[in-house]
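Coordinate-derived values only; no laboratory data. Predicted, not measured: the structure shown is a model, and the values here were computed from it. Cβ placement follows ideal geometry from the backbone for every residue including glycine, while neighbour counts extend to all protein chains displayed.
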Amino acid sequence: MVEGSTAAQLGAAGFEVTGVEEAYGEVSVGVQTPGGQVVFCGSCGRRARSKGRREVVLRDAPGADGRAVRVRWNKRIWECRSPRCGAGSWTERSELAGPRRVLTSRAERWAVGRLAAVEGSVASAARRLGVSWRTVWSAVEAAAEEIAGDPGRVGQVARLGFDETVMASAARRRRRRFVTAAVDASTGQIVDVFDGRDAADLRRWVYQQPRRQAGVEVVCVDPHEGYRSAIRQLARDRSLPATVEVAADPFHIVRLANQALTRCRQRTQTETTGHRGRAGDPLYGIRKLLLTGAERLDAAGLQRLRTALDQGDPYDEVADCWAAKEKVRSVFKTADPEQAADRLDDAIAYSAAPEAAPELHKLAATLKRWRAEIITSTTTGTHNGRTEAANPRNQRRQTLSQRPHQPQQLPAQNPACRRTKTRPNSTRHKNQNPTSPLHRVEPLIFGNQFC
């Protein structure tokens, strides 16, 4: 073996370099195991006999200069000399590449690391390696399953957050596809991502990995009844600890108050003016001021808010919704659990008053139904902020793993009916990407063209 040679740089321990060639921007390296090796049959234990060698072409990770690297492995073939043994013949194996693989082990690690770091897509890695999309995706999928199945990857999680997101939009013959991300609410580390957002999907995920959920103390969710009912059922059948608590995400609770305020403003706008909001309408002009926290408004902003409400809110319904929204926000501004509970009860009573707007009645019913979960959120300080932050990463990785669109091939035209135009000095029939004389393992990709 040549120490410090290209074989060692390729991670081919125990190999020797037989030749290096450069052609068409690619580097071709020939490697093989040295002779004189003694191999025994794995079935009968007798000494095997060599039947020669066979060349296997692999793709390696790009070099430091960005050029594609092709490895030509002169693979040795062995056979058992015992006529009673059914082992037959086999080829040698090495850490250089797995059996029936197109990529070397180093190329697979390079592609997986590039996608995990969100430095490129599967399609771009396939172009860099000069292989098909399916070849790179097979390596990424195998590595992802191995990493996700490792129980020590995350460890025990005390605060677990769940949040759903749309992974695939609706199409003509396809419904929207939802996925749920399970994230450590304390550190933001993604525990797992599974399909669906219903109670059955959450229960199925917990049943598949009971050991990981043994130390869960608090589960933070959006105000979604499917998640809450699933967690309660899992606590009853001991799939989750019986003492597990459910916390409602503060962001979504405040968002419900903002939505009630917006709907009330839109309804009042339509009833008073007979049309939707337009430029110059009092309520339409303060639509963003209404959603801004009161502590962030200066004197000019407060005066503008009062003037618009006096002009466009004849029954003070929008003003009541704005006050209810501020009461809901005040629940999460205090660190005292008892004070937070008193503020929440005050917000519920204010919204449930008979003279309140119908939007506030609906908000009061939701707050009353989720009161225990909101109190748990204020007591434990648990929120889904880090869980929400993981959704863009999941969507980004999903986008990077999508297969590029393959244009449909049009049917060939009849040569007799084809009309051609002659252009002077036309170069449209010239081959801009000459074919490499090296042995081809997968179709090479140059730009968006398949050769």
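Summary table
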| read-out | value |
| --- | --- |
| Extension gain from GLU95 to ASP345, taking 0.36 nm per residue of separation minus the Cα-Cα distance | 83.5 nm |
| Sites matching GluC sites (Glu not before Pro) across segment 293-362 that sit in DSSP coil, with at most 13 neighbouring C-beta atoms within 10 Å | GLU355 |
| Theoretical FRET efficiency, 1/(1+(r/R0)^6), r = Cβ-Cβ of VAL57 and GLU79, R0 22 Å, to 0.05 | 0.45 |
| Extreme residue, positive dipole direction of segment 251-382, given options ALA347, LEU261, LEU302 (C-beta unit charges) | LEU261 |
| Inter-label distance for ARG49 and ALA64, nm, one decimal - labels placed 7 Å from Cα along Cα-to-Cβ | 4.8 |
| Farthest toward positive dipole pole in segment 1-98 [+1 Lys/Arg, -1 Asp/Glu at C-beta], among PHE15, CYS41, SER82 | SER82 |
| Per-pair calculated FRET efficiency, R0 = 25 Å: GLN311 and LYS288 via Cβ, rounded to 0.05 | 0.90 |
| Debye, to nearest 20: dipole size of segment 203-314, +1 on Lys, Arg Cβ, -1 on Asp, Glu Cβ | 460 |
| Dipole of segment 102-148, positive end: most advanced residue of VAL140, LEU115, LEU129 [Cβ charges, Cα centre] | LEU129 |
| Cleavage-rule hits, chymotrypsin sites (Phe, Trp or Tyr not before Pro), segment 263-361, DSSP coil, Cβ neighbours within 10 Å at most 14 | TYR315 |
| Rh by Kirkwood over Cα pairs, then Stokes-Einstein D for segment 159-248 at 1.306 mPa s and 10 °C, µm²/s | 118 |
| Proximal aspartates and glutamates relative to LYS327, as straight alpha-carbon distance under 13 Å, when same-chain residues fewer than 8 apart are discounted | GLU295, ASP342, ASP345, ASP346 |
| Calculated FRET efficiency for the pair ARG232/ALA171, C-beta based, R₀ 51 Å, to 0.05 | 0.90 |
| Alpha-carbon Rg/Rh ratio, for segment 1-98, with Rh computed the Kirkwood way | 1.06 |
